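Peer 1: One structure follows; several queries about it will come next.
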Amino acid sequence: MSEAQRPLAWLPSSIAEASLTGRPDSDDIELAQAWSYLLDKLRDGAQIVESDPANRNRVDLAAGMRHLLVLLAAGVDEALHFDPDPILCVQRTSTDDIVTWGMECPDCIYTRATMRGGESYRLFGNRGTARYVGLQTMNGIVSTANELVDELEVDASGNFEVVLSADERTGNWMRIEGDHPTLTVRHFFYDWNIEVPSTLRIERLGDPVEAKRRTVDPDVALSRQLVALGDFVRDNLQFFLQFGGAAPPNGFLPPIDRTAIGAAAENKPVIGRWELDDNEVLILEVEPPEGVYWSYSLGNPWWETIHYGRHQSSLNAHQAVVDPDGLVRVVLCGRDPGVANWLDTAGFSNGAMILRCVRTTTAPTPRSRVVHFDEIASALPADTTTVTPDERTFILEHRRHAVHERFAL
């Protein structure tokens, strides 16, 4: 199957859709053949990891092979939990600090709800205390509406409700379209220790619309899912390797609009790529964006966010220190340089870096320069904030605890 014939195979949602529709250019195959197809795609993925230029040391290779397991886990979760008539509720996605792909945000919890075309709904509850709570309705991967909860009518205690419907309503309202509209709720946290996510419920308004059921034999559905799972693992791996390779080494691309593949409209990521030898350091310098949320985060060669509980691989506006001249300077390297704004490359040789700007008036491109590790002190202002080894240990312990609590059942 050509890439043009399966443009969305890199998305996990393609696995659920395949169980009902199959592949657009071929007949269904027997289960044994589908299983062999999946194994062939896993072998293809392993060969890509071994041969790709992004694989430069043993840490890179190990992470790449492990990433195949991550993608397999994400795809298997999509297949096993697929329900053509899902329960109406707002629930967390399967993405967490372990099952992560495509540079998920270290500050974010994602929740979602699946709806039915032709119906209207009431979303209600409390916004919680997260820095940012954003609502997005989608038709497939196409964004239908985006709202910041704080720009809706919300009472003094943080309670609110919003109608989701195809027809416009007075008050808080968001448009939904398509046969299977979805709602995504994004919670961006600044202070990991005290901010809490929203508590939301959703209910149907009026009479239910009968589900459009497509009868598919269980063996056919599973065969289709196995094929789609194989495509997802291989194509997702390739997609992000190609996407990540577009940025210049130790530099950034201009801010991009990714709403075409499901990103929120107010999210303006500035995406870059870092490449460092063992004794090299990358220094980033930027005037911090003004607005609701911004952060830095680092990824490995396979576009996994470097684990932000075990490493200081991300910094948001609450965590980063602004220098007296009003600039934020961060240091990327694999060993602790003793400065507060350190981003830990965790033994990898290269990877992605993102300056996320959400509801900000600017999305600046950071200035970057590579220096030797021994030159850090002379390359930074004399009044740069430093930390001791004990202080770093304390910071990392609190990060790990906060991340554990965030994703605890």
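None of the figures in this text is laboratory data; all of them are computed from the coordinates on show. All figures in this text were calculated on a predicted structure; none of them were measured in a lab. Positions of Cβ are backbone-derived with ideal geometry, glycine not excepted, and every protein chain shown enters the neighbour counts.
Peer 1: According to the square roots a ≥ b ≥ c of the eigenvalues of the Cα gyration tensor, what is the shape class of the stretch 195-251, taking rounded for a/c under 1.5, prolate for a/b larger than b/c otherwise, and oblate for the remainder?
Peer 2: Oblate shape, in that a/c is at least 1.5 and b/c is the bigger or equal ratio.
Peer 1: At D383 and N159, where each label point lies 7 Å from the Cα along Cα→Cβ, what is the point-to-point distance in nanometres?
Peer 2: With each label point 7 Å from Cα toward Cβ, the separation is 4.8 nm.
Peer 1: Sticking with this structure for a sec: For the stretch 137-172, state which GluC sites (Glu not before Pro) are in a DSSP loop and have at most 15 other beta carbons lying within 10 Å of their beta carbon.
Peer 2: Loop-located and lightly packed - E153, E168.
Peer 1: Compute the distance from the alpha-carbon center of the stretch 323-390 to that of the stretch 74-132, in whole Å.
Peer 2: Going from one Cα centre to the other spans 33 Å.
Peer 1: Fully extended, how many nm does the chain gain between Y110 and V142 (0.36 nm per residue separation, minus their Cα-Cα distance)?
Peer 2: Stretched out fully, the Y110 to V142 stretch lengthens by 9.8 nm.
Peer 1: Can you give the angle from 0 to 90° between the axis of helix 389-407 and the longest principal axis of the chain, with both taken from C-alpha atoms, to the nearest 10?
Peer 2: Around 10 degrees separate the two axes.
Peer 1: Kindly identify the stretch 60-118 as rounded, prolate or oblate by the Cα gyration tensor criterion: order the square roots of the eigenvalues as a ≥ b ≥ c, call it rounded if a/c is under 1.5, otherwise compare a/b with b/c, prolate if a/b is larger, else oblate.
Peer 2: oblate
Peer 1: Antiparallel as a % of all DSSP beta bridges within the chain, to the nearest 5?
Peer 2: 90
Peer 1: What is the calculated FRET efficiency for E177 to E375, with r their C-beta to C-beta distance and R₀ = 41 Å, to the nearest 0.05?
Peer 2: Computed FRET efficiency for E177 and E375: 0.15.
Peer 1: For A166, put the label point 7 Å out on the Cα→Cβ axis and report which residues of the stretch 197-226 keep their amide N under 18 Å from it.
Peer 2: It comes to 204-213, nothing else.
Peer 1: Quick check: pseudo-label points 7 Å beyond the Cα along Cα→Cβ at V220 and T199, how many nm apart are they?
Peer 2: With each label point 7 Å from Cα toward Cβ, the separation is 4.5 nm.
Peer 1: Something else: Which FRET efficiency, nearest 0.05, do T129 and E397 yield, Cβ-Cβ r, R0 25 Å?
Peer 2: Calculated value: 0.65.
Peer 1: Highest first, please rank the peptides 298-309, 71-82 by the mean number of other Cβ atoms sitting within 10 Å of their residues.
Peer 2: Packing order, densest peptide first, comes out as 298-309, 71-82.
Peer 1: With the cut-off at 1.5 for a/c, could you classify the stretch 274-378 from its C-alpha gyration tensor as rounded, prolate or oblate?
Peer 2: In terms of gyration-tensor shape, oblate.
Peer 1: OK, next. If you build the Cα gyration tensor of the chain and take the root of 5 times each eigenvalue, what three semi-axes come out, in whole angstrom, biggest first?
Peer 2: For the chain, the semi-axes come out at 37, 29, 17 Å.
Peer 1: For the pair T362/H318, report the inter-label distance in nm, with labels modelled 7 Å from Cα in the Cβ direction.
Peer 2: With each label placed 7 Å out from Cα toward Cβ, I get 2.4 nm.
Peer 1: A further question on this structure: Enter the angle in degrees (range 0 to 90, nearest 10) between the Cα long axis of helix 58-80 and the first principal axis of the Cα atoms of the chain, meaning the one along which they spread out most.
Peer 2: 30
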